[in-house]
Amino acid sequence: MGKLQKPLKRKFDANIKEKVATSTSEHKETDEENEDFLQDNEEVRENDSSDSEGDIENSDSENENYESFEEESEEDNDNLSESDAEEKDSGGEEQEASSSDEEENIEENDRQETNSKTVNTTNDEYDEYDTSDEEDIRNTIGNIPKNWYDEYKHLGYDWDGQQIIKPNTGDHLDEFLKRMEDPNFWRTVKDPQTGQNVILSDDDINLIKRIRAQKIPDVSFDEYAPWIEWFTSQVEQMPIRKIPESKSSFLPSKDEARKVSKLVHALKMGWIKTREEQAKLRAKKEPQFYMLWSTDDQPEEMRRIHKHIPAPKRLLPGHAESYNPPPEYLFDDRELKQWNKLKETPSKRKLHFLPQKYDSLRQVPAYPRYIKERFLRCLDLYLCPRAIKMKLNIEPESLVPKLPSPRDLQPFPTTLAIEYKGHTDMVRTISTDKTGQYLLSGSDDCTIKIWEVNTGRCVKTVITESVVRCVEWCPNGALSLVLVACGNQVLLINPGVGDFVVRNRTDEVLKEVPHNDVIVTERVKSTVQWYEPEPNMYEKGVRIQLNHFKMVSQVTWHGKGDYFGSVMPEGQSRSVLISQISKRKSQLPFTKSKGLVQRILFHPTKPVLFVATQRHVRIYDLLKQAQIKKLMTNSKWISTIAIHPGGDNLLVGTYDRKMLWFDLDLSTKPYQTLRLHGTAVRGVAYHKRYPLFASGSDDRSLIVSHGMVYNDLLKNALIVPLKRLQDHQAFNDFGILDVHFHPLQPWVFSSGADSTIKLYSN
Amino acid sequence: MSDSNESQLQIRLITTQDIHAVPDIPLTVPITIDTKALNKLLNQLLKESNHDYLKTKQFDFLAVNHIIRLPLNEHLQEHNVSTEATVDIEYIERTPAPEPQESILHEDWVSSIQSSEKWILTGCYDHSVNIYTHHGKPIASIKDHLEVVKGVTWIDQTDPSKGFISVSHDQTGIIWEWKEGTDVIVPKISLRGHERGVDSVGVSPNALKVATGGWDTNLKIWSALLDIDESGEPSNKKIRAGHRSTFVRTPLHTLKGHKESISVTKWVDDHTVCTASMDHTIKFWDCELFGIKNEIVDQKAFLSASWSPLSKTLLASSADRHIRLYDPRSTEGTICKSMFTSHTLWVSSVVWSNYDEHLFLSGSYDSTVKMWDTRSCKAPLYNLEGHEGQVLTVDWSNKKYLVSGGSDNNVHIFKNKHCLL
């Protein structure tokens, strides 16, 4: 094999080498033209050494050889290479002309050429491809890097041992000129071995290009030549190689035969068994085991103790325990006395031993209590059960619910826009009409006033007989009526603002007293009497007048605007009264006193009545006349209630500073308790359109909050306090008495004890 | 110009007013130069270039289309302009301060006002409509409305003889006939059709149509002609008990679309009405096709608006302390071009000047009237003090007079010296 491979490889190597060599020698002659000194050099060599001369000739002849080869292989080569060859010839002629001495040499060359040609014809592969002799003769320094001569003026030595002076390398200017003038500059490279410029031929450049393109350098090499399968499984008739068969291939091995016979003997004697026999034996002999416990294969200690709790670590010994403690740790007399005094109760001692000083560790005596202390420690560990203390790492921030930023919850009222000034005493109650054009207010100065919302203009003032405790605009847009509770009276007043038609129709409707057959019970009669107003009252706008037997603290409309409820906190069992305008009829829904009634409220859509007593809110179904629910407020005194326009959420303000949000579907306990105010909450209100609610309190602050109720029953209401507005003046410890939202805009009104009403806009 | 330690800046002074032109040379000025120093510099330059120029004048300087109020470097920084390059500074003659003139005391709040060439028309909360001269001399007054008068307007500002219109919370409007200069005002035609109080009235530029809007959320278009026969509409003669005869006119068209009360109706051109409403929208109505042409939606209830035919932009004030400038032509993104903030309470009224596309007037509940230049967003040109209550209405229809009325029952008249020059 080795013999077979080597020539092939060498052949390939030689091909490449030869090409590089020929290319360099090809440029040799052109170089000679340019540089005289080289010629001189050569002449020197030719003259002085016959060996080197022969070398030249040899290389020349090979050069020729290559040319011929080129011509042979690529007959239809392009003109450029041919002209190159001609040039070379002409170069040769010039050379002849220049030196007559060389004529003989050339002749000799020719002869040699023919010789070499004849040699080439013989199949001596070494002669043809061996390149050991074709080193460039101008390399006078042998096979060492040229840079070793960098510091010297010379480059190697000639035959006589004289220094060969380095050729003048041109300076940058020369190089630049060359670059400009010499068309072959780009293909000129410096031979690192000789230090001379070499112009690369087209073939060299092709070669380099091919190498750079990662192709096989030899153009003639066929990469895709048909594969000849020399060594196949098929038995050839004739051997490929001439190696004789080895002896071992046809003679049986004695050593192996001996081993086999040994095994056969052992099998016969039963010394060794086949696998089948082994399995049979195993099946016969071995008893069958199985795992009784599934955890048997696990480590022993894990079976007993599931969660290992390491023994508590003892404190490391301090300075006092040292055999040579610093003097401050040694007991002085007083400390020693104290230590001795506590002999009866050793557990009270600060230290359980006396620090003692020794000069060296060697002098420390054996510790007498060692065994006992170890034993006690073991007893401690054994008798004292250890338990893992579960620690909860809760960050306080994570407990706070994530609320959206108020900026994302706009619009909501933020700035004081308009003050409604005109009342001379506390404004207890406010209300707006349906369109948000007018504001109604009732005050302790025994007046009700109607204001134009957008300008703050007081449009109308109606003087009443006593303090106005509650006013409410009729929710029915077809009626121009307001409900006023003042003293023992409830007045139905036509405010005389808004649509003429509605105003007039309201008057017309109320003029017709319905014929009433139903006998009014004594109980109701004693509670309330309906009156037509006096002419002077009618002039003021009063249309119907109801005289109650006790002071009326609150009146409220039913959503349709026909019924209204009135509250007399001192009325005992007759404290709640529901009246109907169209029939001029009143009724007492409760027969028993439920406690001190604070407020009542109609459900916005259903026939349901909310009654807030001092501590609870009771919810009644008006059709079934039955209590549905009782809300536990867990507070001492309810002040006010408001219902969400959806009807499922109730807001309760209390005198003990709380606001309670009840989700009526959720439970009878507050869904959320808001402690936003510093003092009693006096007014709460929901916005009809925007998810807003507000509360006013005696601490003069109006707090606007976001209260989003979702249609999704699974999602609880989102409550975010948004803004505290504190513009009212305190008056007799009262701050804000009532809060009311604009029906359409995100604006809120607050009425205060400082006899003003304020409008906050977004 | 100044010591070399201070960093300097190249400016070029340009102007559109020919009489004040100076040579177009770049000047190097300290970077912290303010308006005062610029004024001094410019006056010096003017004196050099023009020998007839004797009296020093005050100028306002604009860089990046905004009036310079701060030192120049801060101004440029605010508008993110490099101080490396030459800065073009435009200068305009400073609008002179309006001069307070007479004030007219009414019996009640003044809800609306409009001035014409010679007369001032006011609507009052005591249901009256009044005419004054610009010197505060009462000419005529009549109480024919049954409720608060909310809006008054001349049918033709140049010709008072064509009459005027008032609208009131008694759900009607009245077209009045007035012989110029006399105290005889005759209610000619009653506009009936609104179901709630009427808040606003606007006459079309060609004085043929009236648009009114109010709390019944409807926009109604009426004929503005005084002559009953020519209007060619169904109208019936009605004699009110003990009163002069008035004709009842019904609306030509009722345009529904607003959800809440209409606070302003203004005509953009002869066929387009612009309404601003409390339902947070401004709508542009086409009065030929009777539909909504364009709509501006914002976050707050609009209280007032004014359309400028010069700049084709809309000023609007909502229920907050800002005045916003809208460009209804821009279709994408925010159409609020700029916001003018200086008032401290709601701005009840804004009005463009009718001769300069940059000037406008605003009145606010904080009892001040402010004169603005659109190129200065943060500070007005002048504060016109004098009111002691809310300013409810301002008007600049007559370019010589800035008039305002408020809840202190007063109408204040300021003389605009800008136009007298």
Amide H to amide H under 5 Å from A:Thr432: which residues, 5+ apart in sequence or cross-chain, H placed 1.01 Å off N in plane?
A:Leu440, A:Trp473
Given H placed on each backbone N at 1.01 Å, which residues far from B:Thr272 in sequence or on other chains put an amide H within less than 5 Å of it?
B:Cys287
How many partner chain Cβ atoms sit within 10 Å of a residue's Cβ in peptide A:153-166, on average, as a whole number?
0
Less than 16 Å from a label point 7 Å out along the Cα-to-Cβ axis of A:Asp733: which backbone N atoms in the range A:640-684 qualify, by residue?
A:655-657, A:678-682
For the range A:392-518, what is the relative contact order in percent, using Cα pairs closer than 8 Å and at least 6 residues apart in sequence?
15 percent
Mean per-residue count of partner chain Cβ within 10 Å for A:429-441 equals 2
For A:Met238 and A:Thr605 in one chain, what is 0.36 nm times their gap in residues minus the Cα-Cα distance, to one decimal in nm?
120.8 nm
For A:Ser248 and A:Val189, what is the calculated FRET efficiency with R₀ set at 60 Å and r taken between the beta-carbons, to the nearest 0.05?
0.55
Sort the following peptides by mean Cβ neighbour count (other Cβ atoms within 10 Å, averaged over residues), highest first: B:60-67, A:523-530, A:687-694.
A:687-694, B:60-67, A:523-530
Under the Karplus relation 6.51 cos²θ - 1.76 cosθ + 1.60, θ = phi - 60°, what is the ordered set of whole-Hz ³J(HN,Hα) values for the range A:254-265, x standing for Gly and Pro?
6, 4, 5, 4, 5, 5, 4, 5, 4, 4, 4, 4
Using alpha-carbon positions, what is the distance between the centroids of the range B:278-331 and the range A:547-609, in Å?
47 Å
The range A:339-380 shape via C-alpha gyration tensor axes, a/c threshold 1.5
oblate
Give me the distance between the Cα centres of the range A:352-401 and the range B:155-179, rounded to whole Å.
102 Å
For the range B:99-419, what does the alpha-carbon gyration tensor say about shape, rounded, prolate or oblate, given a ≥ b ≥ c as the root eigenvalues, a/c under 1.5 as rounded, and a/b over b/c as prolate?
oblate
In percent, how large is the relative contact order of chain B, given Cα pairs closer than 8 Å and 6 or more residues apart?
11 percent
Starting from the Cα-Cα distance between A:Ile463 and A:Leu361, subtract it from 0.36 nm times their residue separation and give me the gain in nm to one decimal.
26.1 nm
Inter-label distance, nm, simple model (7 Å from Cα along the C-beta direction), B:His271/A:Gln672
5.4 nm
Near the amide H of B:Ser111, under 5 Å away, which other amide H atoms are found, from residues 5 or more places off or on another chain, if H is placed in the peptide plane?
B:Gly123, B:Cys124, B:Tyr125
Mind checking which lysines have their Cα closer than 27 Å to the Cα of A:Lys389? Skip sequence neighbours fewer than 8 apart in that chain.
A:Lys307, A:Lys313
Extension gain (nm, one decimal) between A:Leu292 and A:Ile216, 0.36 nm per residue minus Cα-Cα
20.1 nm
Helix B:35-49 sits at what angle to the longest principal axis of chain B, using alpha carbons and giving 0 to 90 degrees rounded to 10?
70 degrees
Per residue of A:452-459, what is the mean number of Cβ atoms on other protein chains within 10 angstrom of that residue's Cβ?
6
Evaluate the distance, in nm, between pseudo-label points positioned 7 Å from the Cα of A:Ser322 and of A:Arg407 along their respective Cα→Cβ axes.
6.1 nm
Taking the beta-carbon count within 10 Å as an exposure proxy, list B:Ile292, B:Ile335, A:Ile243, A:Ile272 from fewest neighbours to most.
A:Ile243, A:Ile272, B:Ile292, B:Ile335
Hey, can you rank B:112-124, A:707-719, A:310-322, A:379-391 by average C-beta count inside 10 Å, highest first?
B:112-124, A:707-719, A:310-322, A:379-391
May I ask you to evaluate 6.51 cos²θ - 1.76 cosθ + 1.60, the Karplus curve with θ = phi - 60°, for each residue of the range A:541-546 and list the ³J(HN,Hα) values in order in whole Hz, giving x for glycine and proline?
x, 6, 10, 9, 10, 10
For A:Lys402, counting only lysines whose alpha-carbon sits under 28 Å away and dropping same-chain residues fewer than eight positions off, the answer is A:Lys391, A:Lys658, A:Lys669, A:Lys688, A:Lys715, A:Lys723
Two pseudo-spin positions, 7 Å from Cα along C-beta at A:Lys268 and at A:Leu330, lie apart in nanometres by 9.6 nm
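Cut-off is 10 Å between beta-carbons; in what order do B:Arg249, A:Arg618, A:Arg362, A:Arg505 appear when sorted fewest neighbours first?
A:Arg362, A:Arg505, A:Arg618, B:Arg249
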Ordering of A:636-644, A:664-672 by burial proxy (mean other Cβ atoms within 10 Å per residue, highest first):
A:636-644, A:664-672
Please list, short to long, the whole-number percent of alpha-carbon pairs of the range A:389-472 in consecutive 5 angstrom bins beginning at zero.
3, 12, 16, 15, 10, 7, 6, 6, 6, 5, 4, 3, 3, 1, 0
The answer for the net charge of residues other than B:Ile68 whose Cβ lies under 15 angstrom from its Cβ, with Lys and Arg +1 and Asp and Glu -1, is -1
So if we plug the beta-carbon distance of A:Lys166 and A:Tyr224 into 1/(1 + (r/R0)^6) with R0 = 51 Å, what FRET efficiency do we get, rounded to 0.05?
0.55
Among residues other than B:Ser342 whose Cβ falls under 15 Å from its Cβ, what is the net charge (Lys/Arg +1, Asp/Glu -1)?
+2
A:Glu570-A:Thr521 FRET efficiency (beta carbon distance; Förster radius 25 Å; 0.05 resolution)
0.75
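Read-outs throughout are calculated quantities, based only on the coordinates presented, and are distinct from any laboratory measurement. Small disclaimer: the values here were computed from a predicted structure and weren't measured. For neighbour counting, all protein chains shown are included, and Cβ atoms are generated from backbone atoms with ideal geometry for every residue, glycine included.
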